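For reference, the structure discussed in these notes is given below.
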Amino acid sequence: SAVISQKPSRDICQRGTSLTIQCQVDSQVTMMFWYRQQPGQSLTLIATANQGSEATYESGFVIDKFPISRPNLTFSTLTVSNMSPEDSSIYLCSVAEPMGYNEQFFGPGTRLTVL
Amino acid sequence: GEDVEQSLFLSVREGDSSVINCTYTDSSSTYLYWYKQEPGAGLQLLTYIFSNMDMKQDQRLTVLLNKKDKHLSLRIADTQTGDSAIYFCAESGGDSSYKLIFGSGTRLLVRP
(Lines give C-alpha, C1' and ligand atoms only; values in the text may rest on other atoms or scores of the structure.)
Protein backbone atom coordinates (compact mmCIF):
# COMPACT_ATOMS: atom_id res chain seq x y z
CA SER A 1 0.00 0.00 0.00
CA ALA A 2 1.03 3.62 -0.49
CA VAL A 3 2.91 5.36 2.31
CA ILE A 4 1.40 8.76 3.04
CA SER A 5 2.90 11.51 5.16
CA GLN A 6 1.41 14.81 6.26
CA LYS A 7 2.94 18.01 7.55
CA PRO A 8 2.48 19.44 10.07
CA SER A 9 1.27 16.67 12.35
CA ARG A 10 -0.36 19.23 14.59
CA ASP A 11 -0.58 22.98 14.98
CA ILE A 12 -2.17 25.60 17.16
CA CYS A 13 -3.21 28.72 15.25
CA GLN A 14 -4.81 32.06 15.94
CA ARG A 15 -8.18 32.89 14.49
CA GLY A 16 -8.08 34.81 11.24
CA THR A 17 -4.85 33.18 10.07
CA SER A 18 -4.36 30.46 7.45
CA LEU A 19 -2.58 27.11 7.57
CA THR A 20 -1.38 25.00 4.65
CA ILE A 21 -1.25 21.25 5.17
CA GLN A 22 0.96 19.12 2.95
CA CYS A 23 0.33 15.55 1.87
CA GLN A 24 3.13 13.49 0.29
CA VAL A 25 2.75 10.00 -1.19
CA ASP A 26 5.60 7.62 -1.96
CA SER A 27 4.10 6.56 -5.30
CA GLN A 28 2.16 8.17 -8.11
CA VAL A 29 -1.58 8.18 -7.54
CA THR A 30 -4.33 9.64 -9.66
CA MET A 31 -6.86 10.43 -6.99
CA MET A 32 -6.24 12.19 -3.70
CA PHE A 33 -8.87 13.24 -1.21
CA TRP A 34 -9.06 15.58 1.77
CA TYR A 35 -11.27 14.72 4.75
CA ARG A 36 -12.13 16.52 7.95
CA GLN A 37 -12.76 14.83 11.28
CA GLN A 38 -14.26 17.22 13.81
CA PRO A 39 -13.74 16.41 17.51
CA GLY A 40 -15.54 13.19 18.42
CA GLN A 41 -17.08 12.95 14.97
CA SER A 42 -16.77 10.84 11.89
CA LEU A 43 -14.96 11.79 8.70
CA THR A 44 -16.43 14.08 6.07
CA LEU A 45 -15.03 14.47 2.57
CA ILE A 46 -13.96 18.04 1.80
CA ALA A 47 -12.83 17.64 -1.80
CA THR A 48 -11.28 15.39 -4.41
CA ALA A 49 -7.94 16.61 -5.77
CA ASN A 50 -6.97 15.35 -9.21
CA GLN A 51 -3.72 16.31 -10.88
CA GLY A 52 -4.15 18.72 -13.76
CA SER A 53 -7.67 19.83 -12.92
CA GLU A 54 -9.54 21.88 -10.37
CA ALA A 55 -10.46 20.20 -7.12
CA THR A 56 -14.04 19.02 -6.77
CA TYR A 57 -15.65 20.22 -3.55
CA GLU A 58 -18.42 18.56 -1.58
CA SER A 59 -21.53 20.35 -0.48
CA GLY A 60 -20.75 22.74 2.36
CA PHE A 61 -17.11 23.27 1.40
CA VAL A 62 -15.88 26.07 -0.86
CA ILE A 63 -12.63 26.84 -2.61
CA ASP A 64 -12.18 30.22 -0.94
CA LYS A 65 -12.14 28.60 2.48
CA PHE A 66 -10.25 25.40 1.55
CA PRO A 67 -8.05 26.04 -1.50
CA ILE A 68 -6.32 22.90 -2.73
CA SER A 69 -3.30 22.42 -4.94
CA ARG A 70 -2.26 19.25 -6.76
CA PRO A 71 0.92 20.06 -8.68
CA ASN A 72 1.92 16.46 -9.40
CA LEU A 73 0.94 12.84 -8.85
CA THR A 74 2.62 12.51 -5.44
CA PHE A 75 1.76 15.75 -3.65
CA SER A 76 -1.16 17.91 -2.60
CA THR A 77 -1.82 20.78 -0.22
CA LEU A 78 -4.95 21.91 1.61
CA THR A 79 -5.14 25.42 3.01
CA VAL A 80 -7.55 26.28 5.79
CA SER A 81 -8.14 30.00 5.34
CA ASN A 82 -9.28 32.70 7.74
CA MET A 83 -9.55 30.18 10.52
CA SER A 84 -12.08 30.20 13.34
CA PRO A 85 -12.35 27.86 16.35
CA GLU A 86 -14.95 25.85 14.40
CA ASP A 87 -12.16 24.78 12.06
CA SER A 88 -10.46 22.88 14.89
CA SER A 89 -10.37 19.34 13.51
CA ILE A 90 -8.16 16.60 12.25
CA TYR A 91 -7.53 16.95 8.52
CA LEU A 92 -6.63 13.77 6.67
CA CYS A 93 -5.56 13.14 3.14
CA SER A 94 -6.21 9.84 1.44
CA VAL A 95 -5.27 8.24 -1.84
CA ALA A 96 -6.92 5.71 -4.08
CA GLU A 97 -4.40 3.16 -5.27
CA PRO A 98 -3.72 3.37 -9.00
CA MET A 99 -4.22 -0.35 -9.47
CA GLY A 100 -7.45 -0.56 -7.53
CA TYR A 101 -9.52 2.49 -6.87
CA ASN A 102 -11.59 0.55 -4.37
CA GLU A 103 -8.79 0.79 -1.79
CA GLN A 104 -8.29 4.11 -0.07
CA PHE A 105 -5.43 4.66 2.32
CA PHE A 106 -5.16 7.51 4.77
CA GLY A 107 -2.37 9.69 6.00
CA PRO A 108 -1.73 10.12 9.73
CA GLY A 109 -3.72 13.37 9.85
CA THR A 110 -3.03 16.95 10.92
CA ARG A 111 -4.53 17.94 14.23
CA LEU A 112 -5.46 21.63 14.07
CA THR A 113 -6.50 23.73 17.05
CA VAL A 114 -7.70 27.28 16.45
CA LEU A 115 -7.75 29.65 19.40
CA GLY B 1 -29.16 10.86 1.07
CA GLU B 2 -26.60 8.24 1.88
CA ASP B 3 -26.28 7.35 5.53
CA VAL B 4 -24.18 4.89 7.52
CA GLU B 5 -25.00 4.08 11.14
CA GLN B 6 -23.10 2.29 13.86
CA SER B 7 -23.53 1.72 17.56
CA LEU B 8 -21.26 3.99 19.56
CA PHE B 9 -19.64 1.68 22.05
CA LEU B 10 -18.75 -1.98 22.63
CA SER B 11 -16.95 -3.53 25.57
CA VAL B 12 -15.64 -7.10 25.52
CA ARG B 13 -13.34 -9.22 27.61
CA GLU B 14 -9.92 -10.16 26.25
CA GLY B 15 -10.10 -13.48 24.38
CA ASP B 16 -13.79 -13.13 23.54
CA SER B 17 -15.13 -12.35 20.07
CA SER B 18 -16.24 -8.83 19.19
CA VAL B 19 -18.98 -8.08 16.71
CA ILE B 20 -19.35 -4.54 15.41
CA ASN B 21 -22.44 -3.78 13.38
CA CYS B 22 -23.20 -1.23 10.68
CA THR B 23 -26.23 -0.37 8.57
CA TYR B 24 -26.25 1.69 5.39
CA THR B 25 -28.91 3.12 3.16
CA ASP B 26 -27.38 3.31 -0.33
CA SER B 27 -28.41 0.15 -2.15
CA SER B 28 -26.02 0.96 -4.99
CA SER B 29 -22.93 0.81 -2.76
CA THR B 30 -20.14 -1.03 -4.52
CA TYR B 31 -17.67 -1.58 -1.69
CA LEU B 32 -18.01 -1.57 2.08
CA TYR B 33 -15.04 -0.98 4.34
CA TRP B 34 -13.84 -1.30 7.86
CA TYR B 35 -11.20 1.13 9.15
CA LYS B 36 -9.50 1.21 12.54
CA GLN B 37 -8.40 4.40 14.29
CA GLU B 38 -6.20 4.18 17.34
CA PRO B 39 -5.86 7.19 19.67
CA GLY B 40 -3.95 10.01 18.01
CA ALA B 41 -3.46 8.05 14.80
CA GLY B 42 -4.85 8.11 11.29
CA LEU B 43 -7.13 5.50 9.77
CA GLN B 44 -5.93 2.01 9.00
CA LEU B 45 -7.77 0.05 6.32
CA LEU B 46 -8.59 -3.31 7.90
CA THR B 47 -10.61 -4.97 5.18
CA TYR B 48 -13.28 -4.38 2.60
CA ILE B 49 -15.91 -6.40 0.83
CA PHE B 50 -17.39 -6.14 -2.63
CA SER B 51 -21.15 -5.83 -2.63
CA ASN B 52 -21.72 -9.11 -4.49
CA MET B 53 -20.04 -11.08 -1.70
CA ASP B 54 -21.66 -12.10 1.55
CA MET B 55 -18.60 -13.03 3.56
CA LYS B 56 -14.89 -12.35 3.69
CA GLN B 57 -12.39 -13.75 6.16
CA ASP B 58 -8.91 -12.46 6.86
CA GLN B 59 -7.12 -14.06 9.80
CA ARG B 60 -9.01 -12.96 12.92
CA LEU B 61 -11.38 -10.75 10.99
CA THR B 62 -14.66 -11.91 9.43
CA VAL B 63 -16.89 -9.54 7.49
CA LEU B 64 -20.51 -10.48 6.88
CA LEU B 65 -22.70 -8.59 4.43
CA ASN B 66 -26.48 -8.89 4.23
CA LYS B 67 -27.25 -6.87 1.16
CA LYS B 68 -31.00 -7.34 1.46
CA ASP B 69 -31.03 -5.77 4.92
CA LYS B 70 -28.12 -3.39 4.13
CA HIS B 71 -26.29 -4.72 7.18
CA LEU B 72 -22.55 -5.15 7.56
CA SER B 73 -20.71 -6.65 10.51
CA LEU B 74 -17.10 -7.09 11.55
CA ARG B 75 -16.24 -9.98 13.81
CA ILE B 76 -12.89 -9.99 15.58
CA ALA B 77 -11.98 -13.38 16.98
CA ASP B 78 -9.86 -13.72 20.13
CA THR B 79 -10.01 -9.99 20.80
CA GLN B 80 -6.83 -8.53 22.29
CA THR B 81 -6.19 -5.33 24.24
CA GLY B 82 -4.40 -4.00 21.17
CA ASP B 83 -7.71 -4.15 19.33
CA SER B 84 -9.05 -1.33 21.50
CA ALA B 85 -9.76 1.49 19.05
CA ILE B 86 -12.54 3.18 17.11
CA TYR B 87 -13.83 1.17 14.17
CA PHE B 88 -15.40 2.97 11.24
CA CYS B 89 -17.68 1.42 8.67
CA ALA B 90 -17.72 3.16 5.28
CA GLU B 91 -19.36 2.70 1.93
CA SER B 92 -18.47 3.78 -1.57
CA GLY B 93 -20.07 3.47 -4.95
CA GLY B 94 -23.34 4.74 -6.14
CA ASP B 95 -23.21 8.15 -7.76
CA SER B 96 -19.70 8.97 -6.53
CA SER B 97 -17.71 5.78 -6.78
CA TYR B 98 -14.65 6.92 -4.89
CA LYS B 99 -16.26 9.03 -2.21
CA LEU B 100 -16.38 7.28 1.14
CA ILE B 101 -19.35 7.81 3.42
CA PHE B 102 -18.36 7.01 6.99
CA GLY B 103 -20.38 5.88 9.96
CA SER B 104 -19.96 7.60 13.31
CA GLY B 105 -17.53 4.95 14.54
CA THR B 106 -17.78 2.29 17.25
CA ARG B 107 -15.42 2.58 20.19
CA LEU B 108 -14.24 -0.91 21.15
CA LEU B 109 -12.89 -1.35 24.66
CA VAL B 110 -11.17 -4.64 25.44
CA ARG B 111 -11.02 -5.41 29.15
CA PRO B 112 -8.17 -7.58 30.47
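The values are calculated or read from the model by the stated rules, or taken from the named source; none is laboratory data. Please read these numbers as outputs of a predicted model, since none were measured by experiment. Don't worry about glycine lacking a Cβ; one is built from the backbone with ideal geometry, like all the others, and counts go over all protein chains shown. For the accessible areas, the whole protein counts, side chains as well, though only heavy atoms, and no ligand, DNA or RNA atoms are used. Shrake-Rupley method; radii C 1.70, N 1.55, O 1.52, S 1.80 Å.
Once the C-beta distance of B:Arg111 and B:Met55 is scaled by a Förster radius of 22 Å, the resulting FRET efficiency is 0.20 to the nearest 0.05.
If only the Cβ of Lys and Arg carry +1 and only the Cβ of Asp and Glu carry -1, the dipole of chain A around its Cα centre is close to 280 debye.
Taking every DSSP beta bridge that has both ends in the protein assembly as shown, the antiparallel portion is near 90%. Relative contact order, whole percent, for the range A:1-111 stands at 36, derived from Cα pairs under 8 Å and 6 or more residues apart. Surface composition of chain B: carbon plus sulfur atoms contribute 47% of the solvent-accessible area (1.4 Å probe, protein chains only, all chains present). Sequence-distant contacts, meaning Cα pairs under 8 Å at least 6 residues apart, place the relative contact order of the range A:29-92 at 34 percent.
Taking only protein heavy atoms into account and a 1.4 Å probe, give the accessible area per residue of the protein assembly as shown in Å². List each step's numbers first, then the result.
Values: 10890 Å² over 227 residues.
On a per-residue basis, the protein assembly as shown sits at 48 Å².
Simple rule: put +1 on each Lys or Arg Cβ and -1 on each Asp or Glu Cβ in the protein assembly as shown, find the dipole, and look at B:Ser18, A:Leu43, B:Gly40; the Cα lying farthest toward the positive end is B:Gly40. Mean separation of Cα pairs under 8 Å and 6 or more residues apart, divided by the residue count, gives chain B a relative contact order of 38 percent. Computed from point charges on the beta carbon alone (+1 for Lys and Arg, -1 for Asp and Glu), the dipole magnitude for chain B about its Cα centre is near 180 Debye. Per-residue 3J(HN,Hα) values for the range A:73-83, derived from phi via the Karplus relation 6.51 cos²θ - 1.76 cosθ + 1.60 with θ = phi - 60°, read 7, 10, 8, 8, 10, 10, 9, 9, 9, 6, 5 Hz in sequence order (x marks Gly and Pro). Taking label positions 7 Å along the Cα-Cβ direction at both B:Thr81 and A:Ile63, the computed distance is 5.2 nm, reported to one decimal. Comparing the full protein assembly with the isolated chain (1.4 Å probe, heavy atoms, ligands and nucleic acids excluded), the residues of the range A:40-61 losing at least 40 square angstrom of accessible area are A:Ser42, A:Leu43.
Other protein chain C-beta atoms within 10 Å of residue C-beta, averaged over A:105-111: 4.
Can you compute the modelled spin-label distance between A:Ile12 and A:Thr30, with each label point 7 Å from Cα toward Cβ, in nm? That separation, rounded to one decimal, is 4.4 nm.
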